Amino acid sequence: MSSRISQPILPPKGFAVCPTPALTSEQDQVQKTLQAHFSKDGYLIPGVEKKEGGLMEEEKFWLSYECQLRYLRATRWKLSQAIARLEATLKWRRDYGLYTHLTGPHVEPEGLTGKEIIFGYDVNGRPACYMLPSRQNTKESPRQVEYFVWMLERCIDLMDANVESVNALINFGDKAEHPSLAVARSILNIFQDHYPERLGKALIINVPFLITMFFKLLTPFMDPNTVQKLKFNPDVIKDGLFTPDMLVKDWGGNQDFEYKHEEYWPKLVELCVQRKKRWMENWRKLGGTVGISEVQYKSDGVPSPSLVVDKHAHAPETNAKVSDPETDSY
């Protein structure tokens, strides 16, 4: 039995990587065409004022090889649809304030009780984001949704090379109430529109009748692929999804986790800032362009043999305005 812990942890080494399927020649050409679109000189994000429309450095970093593939898979390799969705997300990320006001200090009041906790990883290295609605501590507001987005971005920061999705572990025990349908739909729309291919599984336990009815109301708004990822009252260890040492007690694991905000929150921020800073430094050394593989910059520039890496030359940078994400507050 492990001792009590109250901090997030780094991904374990040696987890079983989910292999990335090799692209067909047609898919490879679609990806190259998509990348050329975003790499062309003078590219501007549609719907953004011209003088502000060039890609910032952080946006080029976000438009990785794997990011492009996630959107292509989500649109079933329809080039025009993938471009439209990527551009919609680029604009949304700016409008929603991911590079400006959506910071740790802004959303921290939502996290005081530990109603969302990132802790541990499944057998494929996916971070586990625990959600405990019984710990809801604020009245319904846009900041509740912003907090969800901020935590999702931190899950992404805690993904090692070859890991692209997160598991949501939702516990409706302790007389927890479900969020309003409006809040749930806001979160669902953001997740489905702007984080395609990012959900591993949504695992849900202690589901009373009213919560079951709530999900029945919500599922018509879900993509069929998302619905398939919902698992109610699973035994995540017996099902082979987690090992006990990567799971908290309430879910059958042996980790005695206790949320202490003054210990957990600064450590989470520190881990994510350090990892993002290192990745950005590696990305710049690799050329700092659209389409660099996440595996390369997460592996200190050394490609992983288990991933099909984009091998064609990266297009030159545009004359876009550059931000300094290292100075942005988490």
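The values are calculated or read from the model by the stated rules, or taken from the named source; none is laboratory data. If you're wondering where the values come from, they're calculated on a predicted model, not measured in any experiment. Here the Cβ positions follow ideal geometry from the backbone for every residue, glycine too, while neighbour counts run over all protein chains shown. To get the accessible areas, we keep the full protein, side chains included, count just its heavy atoms, and leave off ligands, DNA and RNA. Shrake-Rupley method; radii C 1.70, N 1.55, O 1.52, S 1.80 Å.
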- Note on the structure: Taking the chain and counting helices only, DSSP H stretches of n ≥ 4 at -39,500 (n - 2.57) each over all residues, the nearest-500 ellipticity at 222 nm comes to -12000 deg cm²/dmol
- Query: For the stretch 63-83 and the stretch 272-290, what is the separation of their Cα centres, given in Å?
  - Reply: 22 Å
- Accessible area of the chain belonging to carbon and sulfur atoms, whole % at 1.4 Å probe: 54 percent
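Among DSSP bridges having both ends in the stretch 82-182, what percentage is antiparallel? Round to the nearest 5.
Just about 50 percent of them are antiparallel.
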- Note on the structure: As straight-line cross-link partners of K50, the qualifying lysines (C-alpha separation under 18 Å, not fewer than 8 residues apart within one chain) are K40, K60, K91, K321
- Connecting every pair of Cα atoms under 10 Å apart in the chain and solving the GNM, the largest mean-square fluctuation among M213, M246, M131 falls on M213
- Query: Tilt of helix 209-218 relative to the longest C-alpha principal axis of the chain, in degrees (0 to 90, nearest 10)?
  - Reply: 20 degrees
- Quick one: angle between helix 25-39 and the longest Cα principal axis of the chain, in degrees between 0 and 90, rounded to 10, please. 80 degrees
- Query: Label points 7 Å out from Cα along the Cβ direction at W92 and A182: separation in nm?
  - Reply: 2.0 nm
- Message: Quick check for you: which residues of the stretch 206-230 have the amide N under 20 Å from the point 7 Å beyond the Cα of R76 toward its beta carbon?
- Response: 220-229
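Stretched out fully, how many nm does the piece from K260 to D245 gain, at 0.36 nm a residue minus the Cα gap?
3.4 nm
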- Query: With the Cα gyration tensor of the stretch 98-235 giving a ≥ b ≥ c as the square roots of its eigenvalues, does the rule (a/c under 1.5 for rounded; else a/b larger than b/c for prolate; else oblate) give rounded, prolate or oblate?
  - Reply: rounded
- May I ask what percent, to the nearest 5, of DSSP beta bridges between residues of the chain are antiparallel? 20 percent
- Helix 65-74 versus the longest principal axis of the chain: what is the Cα-based angle in degrees, 0 to 90, to the nearest 10? 70 degrees
- If you stretched the chain out fully between R278 and K175, how much longer would it get, using 0.36 nm times the residue separation minus the C-alpha to C-alpha distance? 32.9 nm
- Message: At R0 = 25 Å, how high is the FRET efficiency between F221 and Q27 if r is their beta carbon distance? Nearest 0.05 is fine.
- Response: 0.25
- For the chain, what is the accessible area per residue in Å², given a 1.4 Å probe and the full set of protein chains? 47 Å²
- Where labels lie 7 Å past Cα in the beta-carbon direction, separation of N233 and V48 in nm: 4.8 nm
- Unit-weight point scatterers at every alpha-carbon of the chain, Debye formula, q = 0.11, 0.16 1/Å: log10 I(q)/I(0) is -0.73, -1.58
